[in-house]
1. Let me have the relative contact order for the stretch 7-89, percent, based on Cα pairs under 8 Å that are six or more residues apart.
2. Only sites in a loop by DSSP and with at most 10 other Cβ atoms within 10 Å count here; which GluC sites (Glu not before Pro) in the stretch 13-69 make the cut?
3. What are the ³J(HN,Hα) couplings of the stretch 130-143, residue after residue, when phi is run through the Karplus curve with 6.51, -1.76, 1.60 and θ = phi - 60°? Round to Hz, x for glycine and proline.
4. If you work out log10 I(q)/I(0) by the Debye sum over Cα atoms at q = 0.08, 0.10, 0.12, 0.18 Å⁻¹ from the coordinates, which of (1) -0.46, -0.61, -0.74, -1.13; (2) -0.35, -0.52, -0.71, -1.12; (3) -0.23, -0.36, -0.53, -1.25 do you get?
5. For each of 129, 67, count neighbouring Cβ atoms within 10 Å of the residue's Cβ, then give the residues from fewest to most.
6. Using only alpha carbon pairs under 8 Å that are at least six residues apart, calculate the relative contact order of the chain and give it in whole percent.
7. Given only helices, namely DSSP H runs of n ≥ 4 each adding -39500 (n - 2.57), what is the per-residue ellipticity at 222 nm of the chain, to the nearest 500 deg cm²/dmol?
8. Taking a ≥ b ≥ c as the square roots of the Cα gyration tensor eigenvalues, with a/c under 1.5 meaning rounded and otherwise prolate when a/b beats b/c, else oblate, which class fits the stretch 7-89?
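Laboratory data are not the source of any read-out in this text; all were calculated from the coordinates shown. Source: prediction; values computed, not measured. Cβ coordinates were reconstructed from backbone atoms using ideal geometry, including for glycine residues, and neighbour counts include every protein chain displayed.
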Amino acid sequence: MSKNINGLPLCMMQLIENNEALTGYDLTKLVVSNNAWVANHQQVYRDLRRLEEMGFLSTTTVENIGKPDSKLYSITEAGEQQLEHVRQTQQYKMKPFRSESAAMQMAGGRNYLVSAAEKISEKLDELKKRLGITRDPAEKLRIQFEIDTRNAELSFVENSRNIA
């Protein structure tokens, strides 16, 4: 039980538990659409293999006619126990602050700051649309969290353009 999981593996295990079983393909789509973690399929499949090796997931092969067989991932009893252990014991750890925008502001990268403001504004528009159509309260909170974070960065880069 001493194996810690967090981040992407934690999201994946919770989604599998919520859905009883998922393919890696479906899991990749769900991880991104739930606004909890950004991951590509290579990261998802790497962590699925690792979680299976740790005994937290099991697989069932599903035969597909005319295309490759699929693996259906299910959470094991050990995986359920690990999820509960994480829920009960995991503590917040402050991570070191790192920001490409802050480094570019310090270096006088005005073009970077202008393009950052444009890209962040576009992302905010997308997030606000998603927030308007999402019904799940937990997902709404995750989207709002990203909106708040992006707004803070937008404020920083807009103010920094004036001094860079």
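1. 33 percent
2. Details: sites: 17, 20, 52, 53, 63; in loops: 20, 63.
Filter output for the stretch 13-69: 20, 63.
3. For the stretch 130-143, the Karplus curve yields 4, 4, x, 9, 6, 9, 6, x, 5, 5, 4, 5, 5, 5 Hz.
4. So the structure-derived entry is (2).
5. Numbers: 129 11, 67 7.
Ordered by Cβ neighbours within 10 Å, fewest first: 67, 129.
6. Here the relative contact order equals 20 percent.
7. Computed ellipticity for the chain at 222 nm equals -21000 deg cm²/dmol.
8. Values: a/c = 2.02, a/b = 1.36, b/c = 1.48.
It comes out oblate by the Cα gyration axes.
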